[in-house]
Structures are given as structure tokens and as C-alpha cells.
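Visitor: Sending over a structure as C-alpha cells; questions will come in a sec.
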Amino acid sequence: MGVKCRLLLVPGGECIEYEGMDGATYEDALLSIGIIPDTVLILFKGQSLPQDTRIGEDEVEIVSTGSRG
């Protein structure tokens, strides 16, 4: 089987579909798309999720916390 989740990148509004193995965490998902987990917040319905949380939601917001320049 596996897990699926949509990652909505803020700012920018890009939506990335992630598919991983059962037990995958948000950290796994972020690293797979080239995002360093310590540079973002993971939000589900306005609540922050730890990066080591197993994926269980259909869609989360990934909010950048630092400048990129």
C-alpha cells in the first residue's frame, strides 16, 4: 500500500502530490521534493504538525519561515 498527500506551498500556491510508503513522515515528503524540513512549518487546519509526524492528512500547507535570498 502507501500514503498520499498534497503539499500546498505557501507562498506561491504550488500544489505537489506526494506518494510514499506506509509510515512515511512529513520530513520524508519534504526531503523528497528538495525542501529542508527545518525551514518550513507544516500546517493542517491551522495547527502545526511536527515534521516527524506520520502522514495521515490528505492535504497540508507548507509555509516557508525564512527568506530565500
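Visitor: What is the dipole size for region 11-69, taken about its Cα centre, with +1 at each Lys and Arg Cβ and -1 at each Asp and Glu Cβ, in debye to the nearest 20? Before the final figure, lay out each step's value.
Guide: Values: 3 positive and 12 negative charges, 60 e Å.
Computed about the Cα centre, the dipole is about 280 debye.
Visitor: Only bridges whose two residues both fall in the chain count here: according to DSSP, what percent of them are antiparallel, nearest 5?
Guide: 75 percent
Visitor: State whether the chain is rounded, prolate or oblate according to the following rule on the C-alpha gyration tensor (a ≥ b ≥ c being the square roots of its eigenvalues): a/c under 1.5 gives rounded; otherwise a/b larger than b/c gives prolate, and the remaining case gives oblate.
Guide: Prolate shape, in that a/c is at least 1.5 and a/b is the bigger ratio.
Just so you know, all these numbers are worked out from the coordinates, no wet-lab data involved. From a predicted model like this one, the values you see are computed outputs, not experimental measurements. No Cβ is skipped: glycine too gets one built from the backbone with ideal geometry, and neighbour counts run over all protein chains shown.
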